[in-house]
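Enquirer: Before we start, here is the structure in question, set down as structure tokens.
The values are calculated or read from the model by the stated rules, or taken from the named source; none is laboratory data. Nothing here was measured: the structure is a model prediction, and the numbers come from that model. Virtual Cβ from ideal backbone geometry, glycine too; neighbours counted across all protein chains shown.
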Amino acid sequence: MIGQSRPEPKLGRSPLAPRSRGAVGALRRLLFRYLLRFWPQVSLAYFCLLGTTALGLVIPQLVRRVIDYGLAARQQEIVARGGVLIISLSLVSSLLSFGHRYLHAWLAEHLAYDLRNELYDKLQRLSFSFHDRTETGQLMSRCTSDVNAVLRFAGWVVMQAVNSLLLVCVACALLLSMDWKLSLVCLAPLPVVAAQAVHFRALVRPLFRAIQQQFAVMTTVLQENLLGAIVVRAFVREQHEIEKFRREVDKLRTQRLRAIWYWVSSNQLNIFLFGLTTTLLLVYGAPRVIAGSLTVGMLVAFSSYLALLAGPVQSIGEIVNSATEASAAGERIFEILDAVPEIRDEPGAIDLPPIVGEVVFDHVSFRYPSANPEKPFPPALEDICFRAEPNRVIALVGPTGSGKSTLVSLIPRFYDVTAGAVLIDGHDVRRVTLRSLRRQVSVVFQEPLLFTGTIRENIAYGRPDASFEEIVAAAKVAQAHDFIMSFPDGYDTFVGERGYTLSGGQRQRISIARAILTDPRILILDDATSSVDTETEHLIQEALAAVMRGRTVFVIAQRLTTVKRADLILVLDRGHIVERGTHEELLSSGGLYRRIYDLQLRDQEEMALHAGCTWGGQSR
């Protein structure tokens with residue numbers, strides 16, 4: 001963690017963008033913002049859908065005429081022609097149905113493709129403060145399960161909803177035109193179906209929001225456990241972790257079963273109501289057929305249209321269920337897409353020209369953003385003033401939480417100052433583009449992170465176009481070349497997730513080589529040698545001595561060898577610079593630096609002298 005410690009964010013709703021548009025707004029944005037990018041395919045899909053629906057409505061009328069004018073009048077020719085026409089229309093309907101189903105699936109996949117890419121792109125641009133306050137599991141859930149919920153909605157529910165609406169409207173109109181009295185009797189249960197659908201949606205909407213959030217909580221627990229697997233086993237906490245995960249899964253199961261109970265109840269009620277319409281048709285229509293006021297063909301046509309209505313009626317629960325789930329997912333997705341990066345190029349920002357490397361902190365103060373504005377964090381830095389001359393080494397020393405890492409994180413503008421300004425060659429870092437700034441500043445973090453891939457790819461991460469010779473040269477400077485060449489595949493050795501197939505010292509040396517390869521004018525080493533042994537650190541320091549020439553270097557270190565070589569040492573305590581000077585000057589002043597030296601660094605110096613004598617005796 002950079003700088004001072006901050007409270008761990010609570011699981012649940014992350015501090016993302018506020019939900020201001022609502023569920024309907026989220027669905028509208030999903031459909032119109034993404035699907036309409038493919039308006040030719042959308043048009044063709046709905047042309048096929050309209051054709052399928054129209055043919056489905058025409059066929060019952062043909063059946064009616066075949067019965068009334070063919071069978072009843074014993075006209076074999078009419079029956080034959082009607083049969084051929086019905087088969088032909090059914091074939092065309094099948095082809096159109098295939099077209100609109102495939103196109104809807106195609107559109108849904110493209111919507112999900114665009115959503116996933118836009119979400120990933122946005123996550124790359126959001127500021128460090130956003131990631132500080134948001135659980136990784138929350139973000140993973142929104143990029144996976146929430147997008148899948150939208151995919152299901154766009155791929156099936158939209159099509160089903162439009163088809164159902166067309167069928168209900170046109171079929172009801174046809175029924176009323178055929179016999180309005182019989183229609184009113186048969187369609188009497190439909191208002192009840194509509195009312196219970198509205199009630200069902202009101203019940204499950206908050207429930208689906210809770211389900212999506214609980215899925216994110218479960219994902220967070222899983223992700224933390226996988227990343228901390230070695231710690232779990234080292235402290236024999238497997239059973240504790242199992243119980244913790246089981247509790248979250250149980251909550252998810254309970255919520256989903258509750259939603260399923262609502263859905264099944266609603267669906268079965270719809271089926272019962274549809275069965276009631278068939279009963280009403282027989283009770284009211286059959287006597288009229290017997291009396292001769294209604295033809296058999298008309299009764300069959302009525303039955304066919306009611307059968308067509310059965311699908312939409314029975315799918316109302318599924319449509320509302322999926323639409324509600326997608327609306328909750330859409331809200332969560334747009335919370336990320338609508339989040340505004342706190343660190344971004346300001347209007348009129350210029351590219352930072354090639355720099356000499358002068359860095360000035362002009363009365364800089366900074367506090368970390370808080371998720372609760374009413375309870376802000378205390379300042380991490382207050383009234384920091386100093387000038388780092390070009391081509392100098394500046395060491396930052398101080399107790400844990402004194403603000404060392406926070407200070408250097410302001411140089412590449414990982415965070416923006418609360419007050420004052422950070423200047424590089426006279427340019428306020430807020431007035432230049434982020435890309436041009438970070439191209440000339442490299443950082444080696446305390447915790448080395450490698451990506452899944454080869455050693456060569458990891459070293460060249462900041463310069464993918466670097467030649468193999470340049471990669472080897474950077475590795476040699478970082479004292480990584482020898483151990484790399486000890487592997488059978490050399491620079492093509494594949495490192496596992498986060499580089500954990502390598503030791504901590506090996507990962508750190510590769511990360512140093514990665515920074516060196518970019519040839520930065522300003523180099524930041526955030527306790528970069530903490531993961532290596534004393535002998536390796538000695539080799540790296542000797543190599544870095546050459547690399548540091550011609551660069552401005554900021555070093556956070558707990559080891560004396562780095563501190564003693566610095567041109568300027570800044571001693572921080574509780575966000576203030578309490579001392580500054582060279583090693584000898586600060587020792588003679590008898591302040592905090594002298595106390596740190598006596599407590600932490602004197603033993604290192606004595607050990608180094610002893611090791612030097614030992615190595616010297618061996619060499620002689």
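Enquirer: Do any strands (runs of 3 or more DSSP E) lying entirely in the stretch 350-411 carry at least 2 residues that are in contact with a helix residue (DSSP H, G or I) (Cβ under 9 Å, 6 or more places away or on another chain) and either closer than 17 Å to ILE524 by Cα or free of Cβ contacts under 8 Å to residues at least 12 places away in the same chain (or both), and which ones are they?
Expert: Hits in the stretch 350-411: 393-397.
Enquirer: To continue, here is another question. For the stretch 471-523, enumerate the residues that are among the aliphatic types (A, V, I, L, M), in contact with a strand residue (DSSP E or B) (Cβ under 7 Å, 6 or more places away or on another chain) and assigned to a helix (DSSP H, G or I).
Expert: ILE512, ALA515
Enquirer: May I ask you to say which residue of ALA395, ALA419 is surrounded by 18 or more Cβ atoms within 10 Å (Cβ to Cβ), over 15 Å from PHE128 (Cβ atoms), aliphatic (A, V, I, L, M) and at pLDDT 90 or above? Step through it out loud before you land on a result.
Expert: Details: ALA419 fails: surrounded by 18 or more Cβ atoms within 10 Å (Cβ to Cβ).
One residue alone meets the criteria, ALA395.
Enquirer: Any residue at all in the stretch 72-81 that is at pLDDT below 75, farther than 30 Å from THR136 by Cα and in contact with a Leu (Cβ under 7 Å, 6 or more places away or on another chain)?
Expert: There is at least one residue in the stretch 72-81 that is at pLDDT below 75, farther than 30 Å from THR136 by Cα and in contact with a Leu (Cβ under 7 Å, 6 or more places away or on another chain).
Enquirer: Looking at LEU139, LEU167, LEU176, which one is in contact with a Pro (Cβ under 8 Å, 6 or more places away or on another chain) and not β-branched (Val, Ile, Thr)?
Expert: Numbers: LEU139 fails: in contact with a Pro (Cβ under 8 Å, 6 or more places away or on another chain); LEU176 fails: in contact with a Pro (Cβ under 8 Å, 6 or more places away or on another chain).
Result of the check over LEU139, LEU167, LEU176: LEU167.
Enquirer: Report yes if some residue within the stretch 56-68 is farther than 28 Å from SER164 by Cα, surrounded by 15 or more Cβ atoms within 10 Å (Cβ to Cβ) and in contact with a Leu (Cβ under 9 Å, 6 or more places away or on another chain); otherwise report no.
Expert: Going residue by residue through the stretch 56-68, those that are farther than 28 Å from SER164 by Cα are 68.
Now restrict to residues that are surrounded by 15 or more Cβ atoms within 10 Å (Cβ to Cβ): 68.
Filter again for in contact with a Leu (Cβ under 9 Å, 6 or more places away or on another chain), leaving none.
No, the stretch 56-68 has no match at all.
Enquirer: All but one of (1) at pLDDT below 80; (2) more than 31 Å from the chain's Cα centre (by Cα) hold for LEU184, so report the exception by its number.
Expert: Only one criterion is unmet by LEU184, namely (1).
Enquirer: Looking at (1) within 18 Å of LEU176 (Cα to Cα); (2) free of Cβ contacts under 8 Å to residues at least 60 places away in the same chain, find the lone condition where ALA301 falls short.
Expert: Of (1) within 18 Å of LEU176 (Cα to Cα); (2) free of Cβ contacts under 8 Å to residues at least 60 places away in the same chain, only one is false for ALA301: (2).
Enquirer: Across the stretch 317-340, what is the total count of residues that are among the β-branched types (Val, Ile, Thr) and crowded, with 22+ Cβ neighbours inside 10 Å?
Expert: Initial filter on the stretch 317-340 (among the β-branched types (Val, Ile, Thr)): 319-320, 324, 333, 336, 340.
When the remaining residues are screened for being crowded, with 22+ Cβ neighbours inside 10 Å, the result is 320, 324, 333, 336.
Count: 4.
Enquirer: Among the residues of the stretch 424-440, is there at least one that is hydroxyl-bearing (Ser, Thr, Tyr), in contact (Cβ under 8 Å) with a residue 12 or more places away in the chain and either surrounded by 22 or more Cβ atoms within 10 Å (Cβ to Cβ) or touching a helix residue (DSSP H, G or I) at 6+ places or on another chain (Cβ under 7 Å) (or both)?
Expert: For the stretch 424-440, residues hydroxyl-bearing (Ser, Thr, Tyr), in contact (Cβ under 8 Å) with a residue 12 or more places away in the chain and either surrounded by 22 or more Cβ atoms within 10 Å (Cβ to Cβ) or touching a helix residue (DSSP H, G or I) at 6+ places or on another chain (Cβ under 7 Å) (or both): absent.
Enquirer: Right, next: Would you check which residues across the stretch 403-418 are over 26 Å from the mean Cα position of the chain (by Cα) and not polar (S, T, N, Q) and list them?
Expert: GLY403, LYS404, LEU407, VAL408, ILE411, VAL417
Enquirer: Which residues, counting only those in the stretch 277-311, are farther than 22 Å from VAL170 by Cβ and not small (Gly, Ala, Ser)? Explain how you work it out, then say what you get.
Expert: In the first step, residues of the stretch 277-311 are kept if they are farther than 22 Å from VAL170 by Cβ; the result is 279, 282-284, 286-293, 296.
Listed by number, the residues that qualify are THR279, LEU282, VAL283, TYR284, PRO287, ARG288, VAL289, ILE290, VAL296.
Enquirer: Going by the structure shown, is GLU457 assigned to a helix (DSSP H, G or I), out of contact with any Pro (no Cβ under 7 Å at 6 or more places or on another chain), within 24 Å of LEU525 (Cβ to Cβ) and free of Cβ contacts under 8 Å to residues at least 24 places away in the same chain? Reasoning before the result, please.
Expert: Values: assigned to a helix (DSSP H, G or I): yes; out of contact with any Pro (no Cβ under 7 Å at 6 or more places or on another chain): yes; within 24 Å of LEU525 (Cβ to Cβ): yes; free of Cβ contacts under 8 Å to residues at least 24 places away in the same chain: yes.
Yes, satisfied.
Enquirer: Further, regarding this structure: Restricting attention to the stretch 260-291, report how many residues are closer than 30 Å to ILE211 by Cβ and more than 40 Å from the chain's Cα centre (by Cα). Lay out the reasoning, then the answer.
Expert: First, the residues of the stretch 260-291 that are closer than 30 Å to ILE211 by Cβ: 260-274.
Right, trim to more than 40 Å from the chain's Cα centre (by Cα) and you get 272-274.
The number of residues fulfilling the criteria is 3.
Enquirer: Continuing with the same structure: Suppose we filter the stretch 208-247 for residues that are of a type in the set (Val, Ile, Thr) and modelled with pLDDT under 75; how many remain? Before the answer, list the steps.
Expert: Pass one, the stretch 208-247, residues of a type in the set (Val, Ile, Thr): 211, 217, 219-221, 230-232, 236, 242.
From what's left, modelled with pLDDT under 75: 230-232, 236.
Of the residues in that region, 4 qualify.
Enquirer: If you go through the stretch 430-441 one residue at a time, do you hit one that is part of a loop (DSSP other than H, G, I, E, B), within 24 Å of the chain's Cα centre (by Cα) and closer than 23 Å to ARG509 by Cα? Break it down stepwise before answering.
Expert: Looking only at the stretch 430-441, we keep the residues that are part of a loop (DSSP other than H, G, I, E, B), and these are 433, 439-440.
Filter once more, so that each one left must be within 24 Å of the chain's Cα centre (by Cα): none.
No, the stretch 430-441 contains no residue that is part of a loop (DSSP other than H, G, I, E, B), within 24 Å of the chain's Cα centre (by Cα) and closer than 23 Å to ARG509 by Cα.
Enquirer: Looking at ALA478, ALA545, ALA473, can you tell me which residue is of a type in the set (Gly, Ala, Ser), closer than 27 Å to ILE355 by Cα, at pLDDT 75 or above and surrounded by fewer than 18 Cβ atoms within 10 Å (Cβ to Cβ)?
Expert: Working: ALA478 fails: surrounded by fewer than 18 Cβ atoms within 10 Å (Cβ to Cβ); ALA545 fails: at pLDDT 75 or above.
After ruling out the rest, the residue left standing is ALA473.
Enquirer: Checking the condition of a type outside the set (S, T, N, Q), in contact (Cβ under 8 Å) with a residue 40 or more places away in the chain, assigned to a helix (DSSP H, G or I) and over 27 Å from PRO312 (Cα atoms), which residue from LEU252, LEU281, LEU269, LEU276 passes? If you could, list the steps in order and put the result at the bottom.
Expert: Numbers: LEU281 fails: over 27 Å from PRO312 (Cα atoms); LEU269 fails: over 27 Å from PRO312 (Cα atoms); LEU276 fails: over 27 Å from PRO312 (Cα atoms).
Just a single option satisfies the conditions, and that option is LEU252.
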